[in-house]
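The values are calculated or read from the model by the stated rules, or taken from the named source; none is laboratory data. Small disclaimer: the values here were computed from a predicted structure and weren't measured. With ideal geometry, Cβ positions are generated from the backbone for all residues, glycine too; neighbour counts draw on all protein chains shown.
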Amino acid sequence: MDLLDVDDLTTDELTAVLDRAADIKAAPETYDDALDGQTLGMIFEKPSTRTRVSFETGMTKLGGHAVFLGPDDIHLGHGEPVKDTARALSRYVDFVMARVFDHADAEELAEYADVPVINALTDDAHPCQTLADLLTVREEFGGFEDVSVAWVGDGNNVCQSFVLGAAMTGIDLTVATPEGYEVTDDVLERAAEFDNAPATTHDPESAVEDADVVYTDVFVSMGQEDRREAKLADFDGFQVTTDLLGDRTLMHCLPAHRGEEVTDEVIESENAVVWDQAENRMHAQNGLLTWLADRK
């Protein structure tokens, strides 16, 4: 089984992964040999502090090993076809994790690999972040029932996977984006299959009105630097400030561009759970890895 987006899991499977993650976080010593002798191949086209460290450290804590394959180590789809990379890696490793630009590359890796492939971020989706987000919400509120979240910002890959995760867990979600930056129709249709599609708006203040949590992400994502000035103008009024946040909980997947999508004061406030989210990347991924290992 592969995880290219959150809804590759059923709702029961998602619950099982989150339960496993919570168990590992609570009693890590009981899982210290869960992946003994197993190896995770980590393909990185995009750099990331949290993704590399959380996966690599997580594998070590589970008794396994991780191999980093950066842009200088592997030329995915350039020096070698993606399908050939997938088939070769399958002869060496037990899991493949891919952090790449094009979602189609992750899909091709999954199609041709004989081991589980985990999407650690593409331009379309970020399911590992959503697993961490859901674990954080569950810890903060004791579950998902009656929890309301407002996403304020770009309807990007992080947002799109969170839309699906919220739909699957029953979170009441409102997504506020500027015009032209909405979540794709495909994602909204997939969310509707769980009878819990998000509300959408272009008004941040109305979105947060009844929210328990405000979630935001960078306005200018990696690879969009040439559009920086135009995007910042388009997102005028969407910054999460102390006035917009109020006494609500702040979530952010990090890294944060302080002074753009969020103020320094907000992210340093007691309302922010961003460091819990960052830590939960490792626990959520460990839950996923051990759950996938049990299914092989």
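Listing for the model above:
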quantity: Of all residues in segment 13-60 being of a type in the set (D, E) and assigned to a loop (DSSP other than H, G, I, E, B), the one that is nearest to the chain's Cα centre (by Cα); calculated: E45
quantity: Only listed residue being assigned by TED's automatic domain parsing to the domain that holds V93 and of a type outside the set (F, W, Y), chosen from L188, L245, L289; calculated: L289
quantity: Helices (runs of 4 or more DSSP H) enclosed by segment 197-296 - at least 3 residues per element that are surrounded by 13 or more Cβ atoms within 10 Å (Cβ to Cβ); calculated: 204-208, 228-234, 274-295
quantity: Matching option when the condition is over 21 Å from the mean Cα position of the chain (by Cα), surrounded by 17 or more Cβ atoms within 10 Å (Cβ to Cβ) and charged (D, E, K, R), among D94, D7, D72, D114; calculated: D94
quantity: Top-ranked residue of segment 1-12 - restricted to ones that are part of a helix (DSSP H, G or I) and in contact (Cβ under 8 Å) with a residue 24 or more places away in the chain, ranked as farthest from P127 (Cα to Cα); calculated: T11
